[in-house]
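Here's the structure we're looking at; comments come further down.
The values are calculated or read from the model by the stated rules, or taken from the named source; none is laboratory data. Keep in mind that what you see is a predicted model, and the values were worked out from it rather than measured. As a convention, Cβ positions derive from the backbone with ideal geometry for all residues, glycine included, and neighbour counts pool all protein chains shown.
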Amino acid sequence: MTDTKNNPNGRSEESHPADRGGGGGNRFDRMEWAGAFGDLGTLIPFVVAYVGVAKVDPLGLLFAFGLVMVVCGFYYRTPFPVQPMKAIGAVVATQGAQIAITVPAIFCAALVTGLFWLLLGLTGAVDKVGRLVGRPVLMGIILGLGMSFMLHGVELMATNGYLAAVALIGTVLLLTNRRVPAMLLLLVLGLVYGVVEQPGALDRLASLSIEFRLPDFALSELSRSDLLTGILFLAIPQLPLTFGNAILAIHEENNRLFPDRPVSHKKVAVSTGLMNLFAASVGGVPMCHGAGGMAGHVAFGARTGGAPIILGTILILSGLFLSDSFMSLLQLLPLAILGVILFITGAQLALGSGRLSEKKAERFITLITAAFAIWNVGVAFVVGVLAAWIYRRVGLRL
(Lines give C-alpha, C1' and ligand atoms only; values in the text may rest on other atoms or scores of the structure.)
Protein backbone atom coordinates (compact mmCIF):
# COMPACT_ATOMS: atom_id res chain seq x y z
CA MET A 1 0.00 0.00 0.00
CA THR A 2 2.90 2.34 0.70
CA ASP A 3 4.96 3.57 -2.21
CA THR A 4 8.13 4.97 -0.65
CA LYS A 5 11.80 5.32 -1.39
CA ASN A 6 13.92 5.33 1.73
CA ASN A 7 17.21 7.19 1.71
CA PRO A 8 20.13 6.16 3.94
CA ASN A 9 18.78 8.33 6.77
CA GLY A 10 15.56 6.39 6.89
CA ARG A 11 13.44 9.14 5.36
CA SER A 12 10.75 8.34 2.87
CA GLU A 13 9.89 10.32 -0.20
CA GLU A 14 6.17 9.74 -0.09
CA SER A 15 3.68 10.56 -2.71
CA HIS A 16 0.35 11.78 -1.53
CA PRO A 17 -2.48 10.94 -1.98
CA ALA A 18 -2.08 8.27 0.69
CA ASP A 19 1.16 7.02 -0.80
CA ARG A 20 -0.84 6.09 -3.93
CA GLY A 21 -3.10 3.70 -2.07
CA GLY A 22 -3.23 0.13 -3.12
CA GLY A 23 -6.57 -1.00 -1.85
CA GLY A 24 -5.21 -3.64 0.51
CA GLY A 25 -6.45 -4.58 3.96
CA ASN A 26 -5.78 -2.88 7.25
CA ARG A 27 -2.28 -2.79 8.67
CA PHE A 28 -1.12 -2.64 12.28
CA ASP A 29 2.57 -1.75 11.88
CA ARG A 30 4.44 0.94 13.80
CA MET A 31 3.32 3.74 11.47
CA GLU A 32 -0.32 2.79 11.99
CA TRP A 33 0.33 2.84 15.72
CA ALA A 34 1.90 6.29 15.45
CA GLY A 35 -0.88 7.61 13.25
CA ALA A 36 -3.52 6.22 15.61
CA PHE A 37 -2.73 9.01 18.07
CA GLY A 38 -2.70 11.79 15.48
CA ASP A 39 -6.13 13.08 16.52
CA LEU A 40 -5.47 13.36 20.27
CA GLY A 41 -5.18 17.14 19.98
CA THR A 42 -8.94 17.39 19.42
CA LEU A 43 -10.09 14.28 21.27
CA ILE A 44 -8.48 14.84 24.68
CA PRO A 45 -9.60 18.46 25.37
CA PHE A 46 -13.24 17.62 24.66
CA VAL A 47 -13.10 14.39 26.66
CA VAL A 48 -11.69 16.37 29.60
CA ALA A 49 -14.48 18.95 29.23
CA TYR A 50 -17.24 16.34 29.12
CA VAL A 51 -15.87 14.39 32.07
CA GLY A 52 -14.51 17.24 34.19
CA VAL A 53 -17.13 19.95 33.54
CA ALA A 54 -20.32 18.14 32.50
CA LYS A 55 -19.67 15.08 34.73
CA VAL A 56 -20.30 12.55 31.96
CA ASP A 57 -19.33 9.03 33.06
CA PRO A 58 -16.05 8.17 31.26
CA LEU A 59 -17.21 4.57 30.84
CA GLY A 60 -19.96 5.24 28.30
CA LEU A 61 -18.00 8.01 26.60
CA LEU A 62 -14.85 5.95 26.04
CA PHE A 63 -16.71 2.76 25.19
CA ALA A 64 -18.83 4.52 22.55
CA PHE A 65 -15.85 6.27 20.94
CA GLY A 66 -13.78 3.11 20.97
CA LEU A 67 -16.34 0.75 19.49
CA VAL A 68 -17.31 3.22 16.75
CA MET A 69 -13.64 3.72 15.83
CA VAL A 70 -13.11 -0.03 15.54
CA VAL A 71 -16.19 -0.46 13.34
CA CYS A 72 -15.18 2.48 11.11
CA GLY A 73 -11.66 1.10 10.74
CA PHE A 74 -12.94 -2.24 9.49
CA TYR A 75 -15.69 -0.70 7.35
CA TYR A 76 -13.89 2.18 5.61
CA ARG A 77 -10.35 0.67 5.61
CA THR A 78 -8.89 4.18 5.76
CA PRO A 79 -7.86 6.30 8.79
CA PHE A 80 -11.49 7.43 8.99
CA PRO A 81 -11.73 9.58 12.14
CA VAL A 82 -14.30 9.71 14.90
CA GLN A 83 -14.35 12.97 16.84
CA PRO A 84 -16.51 14.84 19.35
CA MET A 85 -18.94 17.29 17.71
CA LYS A 86 -17.11 20.54 18.36
CA ALA A 87 -19.95 23.07 18.62
CA ILE A 88 -21.79 20.90 21.14
CA GLY A 89 -18.60 20.25 23.08
CA ALA A 90 -17.76 23.95 23.16
CA VAL A 91 -21.20 24.87 24.51
CA VAL A 92 -20.96 22.18 27.19
CA ALA A 93 -17.47 23.34 28.22
CA THR A 94 -18.09 27.10 28.26
CA GLN A 95 -21.83 27.64 28.79
CA GLY A 96 -22.98 24.45 30.47
CA ALA A 97 -23.64 26.00 33.87
CA GLN A 98 -25.33 29.08 32.40
CA ILE A 99 -27.76 27.05 30.25
CA ALA A 100 -28.10 24.30 32.88
CA ILE A 101 -27.05 21.52 30.52
CA THR A 102 -27.55 18.13 32.12
CA VAL A 103 -25.92 14.83 31.19
CA PRO A 104 -29.24 13.47 29.81
CA ALA A 105 -29.50 16.59 27.61
CA ILE A 106 -26.14 15.66 26.07
CA PHE A 107 -27.45 12.17 25.34
CA CYS A 108 -30.56 13.76 23.80
CA ALA A 109 -28.36 15.85 21.50
CA ALA A 110 -26.63 12.68 20.28
CA LEU A 111 -30.00 11.01 19.76
CA VAL A 112 -31.49 13.92 17.78
CA THR A 113 -28.42 14.49 15.60
CA GLY A 114 -28.23 10.75 14.96
CA LEU A 115 -31.82 10.61 13.76
CA PHE A 116 -31.34 13.72 11.60
CA TRP A 117 -28.26 12.50 9.72
CA LEU A 118 -29.62 8.98 9.38
CA LEU A 119 -32.77 10.39 7.77
CA LEU A 120 -30.83 12.65 5.38
CA GLY A 121 -28.55 9.79 4.43
CA LEU A 122 -31.18 7.13 3.86
CA THR A 123 -33.40 9.47 1.80
CA GLY A 124 -30.47 10.64 -0.35
CA ALA A 125 -31.16 14.28 0.53
CA VAL A 126 -27.59 14.77 1.73
CA ASP A 127 -26.23 13.91 -1.75
CA LYS A 128 -28.50 16.49 -3.36
CA VAL A 129 -27.40 19.21 -0.97
CA GLY A 130 -23.76 18.19 -1.35
CA ARG A 131 -23.89 18.62 -5.11
CA LEU A 132 -25.04 22.22 -4.66
CA VAL A 133 -21.84 23.15 -2.85
CA GLY A 134 -19.08 24.16 -5.25
CA ARG A 135 -15.41 23.23 -4.98
CA PRO A 136 -14.30 26.80 -4.03
CA VAL A 137 -16.48 26.55 -0.92
CA LEU A 138 -15.14 23.11 -0.04
CA MET A 139 -11.55 24.29 -0.45
CA GLY A 140 -12.28 27.26 1.78
CA ILE A 141 -13.75 25.10 4.52
CA ILE A 142 -10.76 22.74 4.50
CA LEU A 143 -8.22 25.59 4.35
CA GLY A 144 -9.96 27.49 7.15
CA LEU A 145 -10.19 24.39 9.32
CA GLY A 146 -6.49 23.80 8.87
CA MET A 147 -5.65 27.36 9.86
CA SER A 148 -7.99 27.14 12.84
CA PHE A 149 -6.23 24.01 14.07
CA MET A 150 -2.85 25.68 13.65
CA LEU A 151 -3.92 28.79 15.57
CA HIS A 152 -5.37 26.74 18.41
CA GLY A 153 -2.21 24.67 18.40
CA VAL A 154 -0.10 27.81 18.82
CA GLU A 155 -2.27 28.86 21.78
CA LEU A 156 -1.68 25.53 23.49
CA MET A 157 2.04 25.54 22.66
CA ALA A 158 2.32 28.96 24.32
CA THR A 159 1.57 27.33 27.68
CA ASN A 160 5.10 25.91 27.64
CA GLY A 161 7.19 27.48 24.90
CA TYR A 162 10.42 25.59 25.53
CA LEU A 163 8.79 22.17 25.57
CA ALA A 164 6.72 23.06 22.50
CA ALA A 165 9.79 24.25 20.58
CA VAL A 166 11.71 21.04 21.25
CA ALA A 167 8.67 18.89 20.45
CA LEU A 168 7.79 20.79 17.27
CA ILE A 169 11.34 20.77 15.87
CA GLY A 170 11.73 17.08 16.63
CA THR A 171 8.36 16.27 15.09
CA VAL A 172 9.09 18.18 11.89
CA LEU A 173 12.49 16.48 11.52
CA LEU A 174 10.98 13.02 12.01
CA LEU A 175 7.63 13.51 10.32
CA THR A 176 8.58 11.72 7.09
CA ASN A 177 10.79 9.15 8.78
CA ARG A 178 9.32 5.67 8.36
CA ARG A 179 11.67 4.00 10.84
CA VAL A 180 11.18 6.31 13.84
CA PRO A 181 7.52 7.41 14.14
CA ALA A 182 7.35 11.04 15.23
CA MET A 183 4.09 10.61 17.14
CA LEU A 184 5.36 7.85 19.41
CA LEU A 185 8.40 9.89 20.41
CA LEU A 186 6.16 12.94 20.90
CA LEU A 187 3.92 11.03 23.29
CA VAL A 188 6.87 9.58 25.20
CA LEU A 189 8.37 13.08 25.57
CA GLY A 190 5.06 14.45 26.81
CA LEU A 191 4.43 11.66 29.31
CA VAL A 192 7.99 11.76 30.70
CA TYR A 193 7.78 15.55 31.06
CA GLY A 194 4.39 15.23 32.75
CA VAL A 195 5.69 12.71 35.28
CA VAL A 196 8.78 14.84 36.08
CA GLU A 197 6.94 18.15 36.35
CA GLN A 198 3.86 17.04 38.26
CA PRO A 199 4.45 16.32 41.96
CA GLY A 200 2.86 13.07 42.95
CA ALA A 201 2.35 11.87 39.38
CA LEU A 202 4.04 8.55 40.04
CA ASP A 203 2.00 8.05 43.18
CA ARG A 204 -1.22 8.69 41.23
CA LEU A 205 -0.15 6.22 38.56
CA ALA A 206 0.68 3.61 41.17
CA SER A 207 -2.73 4.04 42.76
CA LEU A 208 -4.74 3.59 39.54
CA SER A 209 -7.61 1.23 40.14
CA ILE A 210 -8.54 -1.47 37.63
CA GLU A 211 -12.22 -2.28 37.87
CA PHE A 212 -14.37 -3.89 35.18
CA ARG A 213 -17.67 -2.15 34.44
CA LEU A 214 -20.18 -2.35 31.59
CA PRO A 215 -22.13 0.67 30.32
CA ASP A 216 -25.81 0.99 31.19
CA PHE A 217 -28.68 2.01 28.90
CA ALA A 218 -28.52 5.82 29.04
CA LEU A 219 -31.92 6.86 27.67
CA SER A 220 -34.11 5.59 30.47
CA GLU A 221 -34.37 8.86 32.43
CA LEU A 222 -34.97 11.59 29.87
CA SER A 223 -37.23 14.53 30.64
CA ARG A 224 -38.98 17.01 28.35
CA SER A 225 -36.60 19.77 29.47
CA ASP A 226 -33.59 17.57 28.64
CA LEU A 227 -35.00 16.98 25.18
CA LEU A 228 -35.64 20.69 24.55
CA THR A 229 -32.19 21.68 25.82
CA GLY A 230 -30.52 18.99 23.72
CA ILE A 231 -32.33 20.13 20.57
CA LEU A 232 -32.30 23.93 20.91
CA PHE A 233 -28.93 24.61 22.55
CA LEU A 234 -26.85 21.65 21.37
CA ALA A 235 -28.12 19.82 18.29
CA ILE A 236 -29.39 22.67 16.06
CA PRO A 237 -26.26 24.90 16.33
CA GLN A 238 -24.13 21.87 15.40
CA LEU A 239 -25.91 20.95 12.15
CA PRO A 240 -24.19 23.35 9.67
CA LEU A 241 -20.79 22.62 11.24
CA THR A 242 -21.34 18.88 10.86
CA PHE A 243 -22.47 19.24 7.26
CA GLY A 244 -19.47 21.38 6.32
CA ASN A 245 -16.73 19.52 8.18
CA ALA A 246 -18.05 16.05 8.94
CA ILE A 247 -19.92 15.34 5.70
CA LEU A 248 -18.55 17.46 2.85
CA ALA A 249 -14.96 18.02 3.98
CA ILE A 250 -14.28 14.45 5.13
CA HIS A 251 -15.79 13.17 1.87
CA GLU A 252 -13.39 15.41 -0.07
CA GLU A 253 -10.39 14.55 2.12
CA ASN A 254 -10.94 10.78 2.06
CA ASN A 255 -11.48 10.61 -1.68
CA ARG A 256 -8.46 12.83 -2.38
CA LEU A 257 -6.14 10.76 -0.20
CA PHE A 258 -7.66 7.34 -0.87
CA PRO A 259 -9.21 7.33 -4.35
CA ASP A 260 -9.15 3.52 -4.31
CA ARG A 261 -11.44 3.52 -1.22
CA PRO A 262 -13.95 6.28 -1.94
CA VAL A 263 -16.93 7.25 0.19
CA SER A 264 -20.18 9.03 -0.68
CA HIS A 265 -22.01 11.79 1.16
CA LYS A 266 -24.80 9.29 1.82
CA LYS A 267 -22.47 6.74 3.37
CA VAL A 268 -20.89 9.32 5.68
CA ALA A 269 -24.29 10.72 6.73
CA VAL A 270 -25.66 7.25 7.53
CA SER A 271 -22.48 6.43 9.45
CA THR A 272 -22.83 9.67 11.44
CA GLY A 273 -26.44 8.88 12.23
CA LEU A 274 -25.87 5.31 13.36
CA MET A 275 -22.89 6.08 15.58
CA ASN A 276 -24.76 8.85 17.39
CA LEU A 277 -27.78 6.64 18.01
CA PHE A 278 -25.44 4.06 19.48
CA ALA A 279 -23.57 6.68 21.56
CA ALA A 280 -26.81 8.04 23.00
CA SER A 281 -27.88 4.56 24.09
CA VAL A 282 -24.69 3.70 26.03
CA GLY A 283 -23.87 7.07 27.56
CA GLY A 284 -21.63 8.49 24.85
CA VAL A 285 -21.48 12.05 23.54
CA PRO A 286 -22.32 13.46 20.07
CA MET A 287 -19.72 12.30 17.54
CA CYS A 288 -18.84 13.05 13.92
CA HIS A 289 -16.25 12.36 11.22
CA GLY A 290 -13.95 15.40 10.90
CA ALA A 291 -11.56 16.15 8.05
CA GLY A 292 -9.01 17.40 10.57
CA GLY A 293 -9.01 14.03 12.28
CA MET A 294 -8.10 12.24 9.07
CA ALA A 295 -5.37 14.81 8.42
CA GLY A 296 -3.97 14.13 11.88
CA HIS A 297 -3.93 10.37 11.45
CA VAL A 298 -2.33 10.63 8.00
CA ALA A 299 0.21 13.28 9.05
CA PHE A 300 1.71 10.91 11.61
CA GLY A 301 1.84 7.86 9.37
CA ALA A 302 -1.57 6.13 9.21
CA ARG A 303 -2.65 4.81 5.81
CA THR A 304 -5.31 2.20 6.64
CA GLY A 305 -8.16 1.50 9.01
CA GLY A 306 -5.65 -0.05 11.38
CA ALA A 307 -5.10 3.33 13.07
CA PRO A 308 -8.69 3.88 14.28
CA ILE A 309 -8.93 0.21 15.23
CA ILE A 310 -5.83 0.57 17.42
CA LEU A 311 -7.02 3.76 19.11
CA GLY A 312 -10.56 2.40 19.45
CA THR A 313 -9.35 -0.77 21.14
CA ILE A 314 -7.33 1.29 23.63
CA LEU A 315 -10.37 3.45 24.41
CA ILE A 316 -12.65 0.41 24.85
CA LEU A 317 -10.24 -1.21 27.31
CA SER A 318 -9.72 2.11 29.11
CA GLY A 319 -13.47 2.54 29.48
CA LEU A 320 -14.18 -1.00 30.64
CA PHE A 321 -11.26 -1.30 33.08
CA LEU A 322 -9.89 2.20 33.87
CA SER A 323 -12.88 4.54 33.64
CA ASP A 324 -12.55 5.61 37.28
CA SER A 325 -8.86 6.54 36.81
CA PHE A 326 -8.93 7.88 33.27
CA MET A 327 -8.71 11.58 34.19
CA SER A 328 -5.46 10.95 36.08
CA LEU A 329 -3.92 9.50 32.93
CA LEU A 330 -5.09 12.38 30.72
CA GLN A 331 -3.67 15.01 33.05
CA LEU A 332 -0.13 13.70 32.50
CA LEU A 333 0.03 14.90 28.88
CA PRO A 334 1.07 18.60 28.74
CA LEU A 335 -1.05 21.04 26.76
CA ALA A 336 2.03 22.06 24.77
CA ILE A 337 2.30 18.53 23.35
CA LEU A 338 -1.37 18.59 22.35
CA GLY A 339 -0.65 21.94 20.71
CA VAL A 340 2.11 20.46 18.57
CA ILE A 341 -0.23 17.66 17.46
CA LEU A 342 -2.93 20.18 16.55
CA PHE A 343 -0.46 22.42 14.70
CA ILE A 344 0.92 19.60 12.54
CA THR A 345 -2.63 18.33 11.90
CA GLY A 346 -3.74 21.79 10.80
CA ALA A 347 -0.79 22.20 8.47
CA GLN A 348 -1.51 18.81 6.89
CA LEU A 349 -5.17 19.75 6.39
CA ALA A 350 -4.44 23.21 4.98
CA LEU A 351 -1.82 21.88 2.57
CA GLY A 352 -4.34 19.35 1.28
CA SER A 353 -7.03 21.92 0.52
CA GLY A 354 -5.99 21.97 -3.16
CA ARG A 355 -4.82 24.43 -5.76
CA LEU A 356 -6.68 27.72 -5.95
CA SER A 357 -8.81 28.37 -9.02
CA GLU A 358 -7.44 30.47 -11.86
CA LYS A 359 -10.63 32.58 -11.70
CA LYS A 360 -10.27 35.52 -9.35
CA ALA A 361 -13.90 35.40 -8.19
CA GLU A 362 -13.63 31.71 -7.23
CA ARG A 363 -10.39 32.42 -5.35
CA PHE A 364 -12.26 35.14 -3.47
CA ILE A 365 -15.02 32.70 -2.52
CA THR A 366 -12.42 30.24 -1.24
CA LEU A 367 -10.64 32.88 0.82
CA ILE A 368 -13.71 34.39 2.46
CA THR A 369 -15.00 30.91 3.25
CA ALA A 370 -11.64 30.06 4.79
CA ALA A 371 -11.62 33.26 6.84
CA PHE A 372 -15.02 32.50 8.34
CA ALA A 373 -14.08 28.83 8.83
CA ILE A 374 -11.24 29.88 11.13
CA TRP A 375 -13.94 31.33 13.37
CA ASN A 376 -16.97 29.08 12.77
CA VAL A 377 -17.33 26.38 10.11
CA GLY A 378 -21.11 26.50 10.18
CA VAL A 379 -21.16 30.22 9.40
CA ALA A 380 -18.43 29.71 6.79
CA PHE A 381 -20.56 27.12 5.04
CA VAL A 382 -23.53 29.52 4.82
CA VAL A 383 -21.38 32.46 3.71
CA GLY A 384 -19.54 30.39 1.10
CA VAL A 385 -22.71 28.93 -0.40
CA LEU A 386 -24.28 32.41 -0.52
CA ALA A 387 -21.21 33.90 -2.21
CA ALA A 388 -21.13 31.05 -4.74
CA TRP A 389 -24.84 31.56 -5.48
CA ILE A 390 -24.29 35.29 -6.09
CA TYR A 391 -21.36 34.48 -8.35
CA ARG A 392 -23.43 32.07 -10.43
CA ARG A 393 -26.46 34.35 -10.65
CA VAL A 394 -25.11 37.88 -11.01
CA GLY A 395 -21.33 37.44 -11.17
CA LEU A 396 -18.58 38.89 -9.00
CA ARG A 397 -16.30 41.55 -10.43
CA LEU A 398 -13.09 41.93 -8.47
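At-a-glance table
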quantity: Hey, E211 among the acidic types (D, E) and touching a helix residue (DSSP H, G or I) at 6+ places or on another chain (Cβ under 8 Å) or not; calculated: yes
quantity: Residue in the range 262-298 that is surrounded by the most Cβ atoms within 10 Å (Cβ to Cβ), counting only those that are part of a helix (DSSP H, G or I) and among the β-branched types (V, I, T); calculated: T272
quantity: The range 17-51 - residue that is modelled with pLDDT under 80 and over 29 Å from A105 (Cα atoms) and, of those, surrounded by the most Cβ atoms within 10 Å (Cβ to Cβ); calculated: A18
quantity: Hey, S271 without any contact (Cβ under 8 Å) to a residue 40 or more places away in the chain and hydroxyl-bearing (S, T, Y) or not; calculated: no
quantity: Y193 being surrounded by fewer than 16 Cβ atoms within 10 Å (Cβ to Cβ), modelled with pLDDT of 85 or more, of a type in the set (F, W, Y) and over 26 Å from V68 (Cα atoms); calculated: no
quantity: Residue, nearest to G244 (Cα to Cα), within the range 299-354, restricted to residues that are assigned to a loop (DSSP other than H, G, I, E, B) and among the polar types (S, T, N, Q); calculated: S353
quantity: Residue that is under 24 Å from the mean Cα position of the chain (by Cα), part of a helix (DSSP H, G or I) and modelled with pLDDT under 85, where the choices are L205, L184; calculated: L184
quantity: Residue in the range 150-161 that is among the charged types (D, E, K, R), surrounded by fewer than 15 Cβ atoms within 10 Å (Cβ to Cβ) and more than 25 Å from V263 (Cβ to Cβ) present; calculated: yes
quantity: Residue check, T159 out of contact with any strand residue (DSSP E or B) (no Cβ under 7 Å at 6 or more places or on another chain), within 30 Å of A380 (Cβ to Cβ) and modelled with pLDDT of 90 or more; calculated: yes
